[in-house]
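Quick note: the coordinates plus some simple rules give every number you see, no bench work behind them. As the structure is a prediction and not an experimental result, all values here were calculated from the model. Positions of Cβ are backbone-derived with ideal geometry, glycine not excepted, and every protein chain shown enters the neighbour counts.
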Amino acid sequence: MNQEAHARAKQLVAQERVEGISQAERDWLTAHLQDCTRCAELTRQTDEALRSMRTAAIPLPRGLASRTQFRVRLRAQELREQAPQRRALWFACTLSWAFGIASAPYVWRLFAWFGERTGVPKLVWEVGFGLWWTIPALFAAAVLLMENSRKGDQPDWMSQGS
Ligand SMILES: [Zn+2]
């Protein structure tokens, strides 16, 4: 078991309680917690701390509760910071799709005209027209990739598996 797996588990435990995690991530976490007593104990403590924050009934070591709170709050803040960027991205994508749909007949004519002019086979300019539609998706994918690679300080568990 390496250090990155523990770090990932810790991250997922916090994440699960703030915004939820995917089924695959939950499966991974469950498997990890079965093998790793350290992380399982941490998860138990996190749940306990969160429960006590909600009910404020069970007295807990102060440091533990605030550490957990801090982690969860940090995670929530991280998400808030990303959210406006995401919204802007989706807005740009939607706009560009809408523009794509509105301009489709003209673009089609443009491609047809271009095909006629240059004598390019019909299939080629039809494919060109098809590719025109994938530009917003490619743009979104590029932005998402850039965003992911920017998180350089996080363990690179995505490409390494467990
Ligand atoms: Zn662990």
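Rounded to 0.05, the FRET efficiency of the residue 77 and residue 138 pair, given R0 = 30 Å and the Cβ-Cβ distance, is 0.45.
Based only on Cα atoms, what mean projected area does the convex hull of segment 1-123 have, in nm²? Please report the intermediate quantities before stating the final value.
On the way: hull surface 53.4 nm².
With every direction weighted equally, the projected area is 13.3 nm².
Could you tally the net charge around residue 22, taking each other residue with its Cβ under 15 Å from the Cβ of residue 22, Lys/Arg +1 and Asp/Glu -1? That works out to -1. A simple count of charges around residue 41, restricted to other residues whose Cβ falls under 12 Å of its Cβ and scoring Lys, Arg +1 and Asp, Glu -1, yields +1.
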